[in-house]
Amino acid sequence: MKGDFKMVTETMHLADRGDTENALNKPSDILAQREVVFLDVADESIVSKSSYKKEEDPRVYKSQKTGRGPLAADWADTCEPIMTCYKMVSVEFKWWGLQTAVEALIMSYTRKAMQLMHRQLFCDTDEWYGMTMDELRKLEDETTKNLLDKRHKQLENKTDFS
């Protein structure tokens, strides 16, 4: 596949309500091609009943450190302070006959993964709020290591044919 697949995610965080037209400073030809999708972290419709966890629900969670939450239906219009996480995801899959379907599938999974991740991040506020940048980087490194270890163990279990 080498050069036949490419996925790039660009991110900008701004203290606004999602109303910055070109947060990532893209040229007009790119803006004309984009699809703007608003991901609401309080929207529970993406969470299956079997994977629902009350402690990961922004409509229920209340931060002990900040007092933020739970998020009401109109949280995006009323919460203070507020931040929008602008993301631009570009996907290229260059296989004739599969390109459109695979790119659409990747974008669908990416939307859901990002929405779930940001729901969890909001509900984990008390774990990271008040940390220094050095402490945050250490937490990121530990989390990355733990996720890699978990993934390796899962792969080992799937390839054990004994």
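Step by step: first the residues of segment 49-71, then only those that are of a type outside the set (Ser, Thr, Tyr) and without any contact (Cβ under 8 Å) to a residue 12 or more places away in the chain, then the one that is least open to solvent (accessible area, probe 1.4 Å). Which residue is that? So, considering only residues that are of a type outside the set (Ser, Thr, Tyr) and without any contact (Cβ under 8 Å) to a residue 12 or more places away in the chain, the one least open to solvent (accessible area, probe 1.4 Å) is 67.
For the structure I just gave you, tell me whether residue 104 is surrounded by 13 or more Cβ atoms within 10 Å (Cβ to Cβ), modelled with pLDDT under 95, hydrophobic (A, V, I, L, M, F, W, C) and under 20 Å from the mean Cα position of the chain (by Cα). The answer is no for residue 104. Number of residues in segment 15-48 that are outside any loop (DSSP other than H, G, I, E, B), over 19 Å from residue 112 (Cβ atoms) and open to solvent by less than 50 Å² (accessible area, probe 1.4 Å) equals 1.
Within segment 1-57, how many residues turn out to be among the basic types (Lys, Arg) and under 25 Å from residue 82 (Cα atoms)? Working first, answer last.
Within segment 1-57, the first condition is being among the basic types (Lys, Arg), and the residues that meet it are 2, 6, 17, 26, 34, 49, 53-54.
The next check asks that each one be under 25 Å from residue 82 (Cα atoms); those that pass are 17, 26, 34, 53-54.
Adding up the residues that qualify gives 5.
Is segment 125-136 home to any residue that is surrounded by 10 or more Cβ atoms within 10 Å (Cβ to Cβ) and farther than 20 Å from residue 67 by Cβ? Yes, that holds for at least one residue.
Tell me whether segment 78-92 contains one or more residues that are in contact with a His (Cβ under 8 Å, 6 or more places away or on another chain) and open to solvent by 70 Å² or more (accessible area, probe 1.4 Å). Yes; the residues of segment 78-92 include at least one that is in contact with a His (Cβ under 8 Å, 6 or more places away or on another chain) and open to solvent by 70 Å² or more (accessible area, probe 1.4 Å). Scanning segment 79-133 for residues that are aliphatic (A, V, I, L, M), assigned to a helix (DSSP H, G or I) and touching a strand residue (DSSP E or B) at 6+ places or on another chain (Cβ under 8 Å) yields 102, 106, 107, 114.
The values are calculated or read from the model by the stated rules, or taken from the named source; none is laboratory data. Keep in mind it's a predicted model, so treat the numbers as computed, not measured. Heads up, the Cβs are rebuilt from the backbone with ideal geometry, glycines too, and the neighbour counts pull from every protein chain shown. When the accessible area is computed, the model is the full protein with side chains, heavy atoms only, and any ligands, DNA or RNA have been set aside. Shrake-Rupley method; radii C 1.70, N 1.55, O 1.52, S 1.80 Å.
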